[in-house]
1. Could you work out the relative contact order of chain A, using alpha carbon pairs under 8 angstrom and six or more residues apart, expressed as a whole percent?
2. Order by neighbour count: A:162, B:30, A:204, A:13, fewest other Cβ atoms within 10 Å first, most last.
3. Defining a contact as two alpha carbons under 8 Å apart and six or more residues distant in sequence, what relative contact order in percent does region B:2-105 show?
4. In peptide B:83-95, what is the residue-averaged number of other protein chain Cβ atoms found within 10 Å of each Cβ?
5. Through the Karplus equation 6.51 cos²θ - 1.76 cosθ + 1.60, θ set to phi - 60°, convert the phi angles of region A:181-194 into ³J(HN,Hα) values in whole Hz; use x for Gly and Pro.
6. Using helices alone, I'd like the mean residue ellipticity at 222 nm for the protein assembly as shown: each DSSP H run of four-plus residues gives -39500 (n - 2.57), total over residue count, nearest 500.
7. Straight-line reach from residue B:195: which aspartates and glutamates fall under 13 Å, measuring Cα to Cα and dropping same-chain residues less than 8 apart?
8. List, shortest first and in nm to one decimal, how far the label point of residue A:73 (7 Å from Cα along Cα→Cβ) is from its counterparts in the other copies.
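No value in this document is a laboratory result; all are computed from the given coordinates. On a predicted model such as this, the values are computed, not experimentally measured, just so you know. So basically every Cβ, Gly included, is an ideal-geometry build from the backbone, and we count neighbours across all protein chains shown.
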There are 2 protein chains.
Amino acid sequence: MRKIRLHLSYDGTDFHGWQKQPGAPTVQGTLESALAQMYQEPIRVIGSGRTDAGTHAVQQVVHFEAPKTLKQEERLVRALNSMLPETMVVRGAWLAPADFHALYSAHRKTYVYRIWNGPTRSALWNKRALYVPHELNLDFLNSLAAELIGHKDFKSFQTTGTPVKTTVRTVDHCRFVKRSGHLIEFSIRGSGFLKQMVRNLVGTLLHLERNKGDLNQLRAIFAAKNRQAAKTTAPAHGLYLYRVYYPPALDKKCLKI
Amino acid sequence: MRKIRLHLSYDGTDFHGWQKQPGAPTVQGTLESALAQMYQEPIRVIGSGRTDAGTHAVQQVVHFEAPKTLKQEERLVRALNSMLPETMVVRGAWLAPADFHALYSAHRKTYVYRIWNGPTRSALWNKRALYVPHELNLDFLNSLAAELIGHKDFKSFQTTGTPVKTTVRTVDHCRFVKRSGHLIEFSIRGSGFLKQMVRNLVGTLLHLERNKGDLNQLRAIFAAKNRQAAKTTAPAHGLYLYRVYYPPALDKKCLKI
């Protein structure tokens, strides 16, 4: 068995999320179909985490067990890309060590949430950024964002679903930055993220900004440890899984194919 | 009659270009339908120029003669945007003076051509940038781009079609710039552009870069004054009409609605 690591990028618009499901195109299902065609047997891929329907990925990381060595393995990336739809691409492939696991070895992730903050919606960013018409106060949003940094219980920002051992996570970077034109990028990096945590955080921060909330309200939402205390969930189409980080020692053992 | 000026932005992917044609969605046709619905009679719009099928616009400028003053004219932009598809948006409306003409008054335009220059194609830029896999030599491309600046006969870069009085145009800015990630932007500003001139210029410059051409070859193509001398036409989907400029005196006479 050869363990193979892939970096994927996708436009989430036309996918029903990451997870395979019958009768609907998903990222996992599409990738597994292409791999099955190459290896002539079913292949199961493990991703660094699921993404919701409509959410994009600049860099998603997956691994799978290859049942054999392909004749022209060095052409793996090119061959896969010729089978994948235009909205999905394999950006690189590595032969990974046995102890590499796309989900369990991931020790940090960065997500980006894009906001189109202009007087009119954007024709070019319509499926790739949330449209917010009123002028956002970035200084205020950044004062709230600073509060997210640290080792904290994010229970209030977890959409219920898969049970988890702990809702404590570490966020070490979190910031709103103005890009060109009317584009604003919120980026957040942390040790891991609960279900829809980024969308719940962005939705809550935007709600507090819109409704003249303050830092104490945000602190109270954290303290409540209750999803009902948090505000709206920001829509999926502004969200991008941006980068997945693994321990450097493990990265070094991955050999580019 | 009230002359109204609109600024439009659109994602050209799903439009069969600017110009109205029966049985196919076009930018002009879509805008005219929305205006006809608002004014309850046919409206004809004049654009600053046509864009090809697949070509995008960050800022296209149009004008039309409004047969009456709408009851709530201040809501014109909002009302139009509620009728237009997601891939098209009116970014602003002005009451224009009688001597304003979207096409004839335009005295300068900027186009941007986006290139995804990475080892693999992009899932997120697939309909918005040309994919070029080999690493482009930007210094060389910029040495060619510098040659385009000036008052020159661009006959070799004109796709035949509508006859024009002269094929001489003035280009006053022209440059390739590296953006974030693998994105490269070629921008060109000039007094006017012949049919498919930007696509023919980009196609020729990329061809010379790819095939170890030189400045003398570019000069020979100019000197030939023949479309056959130029090289390939770059695809439409990397091109954006970026900005249209009018004399400041005329801009000042346009009153924001």
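1. Values: 541 pairs, mean separation 63.7, N = 257.
25 percent.
2. In increasing order of surrounding Cβ atoms, one gets A:162, A:13, B:30, A:204.
3. 42 percent
4. On the way: counts 0, 2, 2, 5, 4, 2, 8, 3, 7, 2, 0, 0, 0.
Whole-number average of other-chain Cβ neighbours for B:83-95 is 3.
5. 3J(HN,Hα) across region A:181-194, in whole Hz: x, 9, 8, 10, 10, 9, 10, 9, 10, x, 6, x, 9, 6.
6. -7000 deg cm²/dmol
7. B:52
8. From this label point to the equivalent ones elsewhere in the assembly: 7.2 nm.
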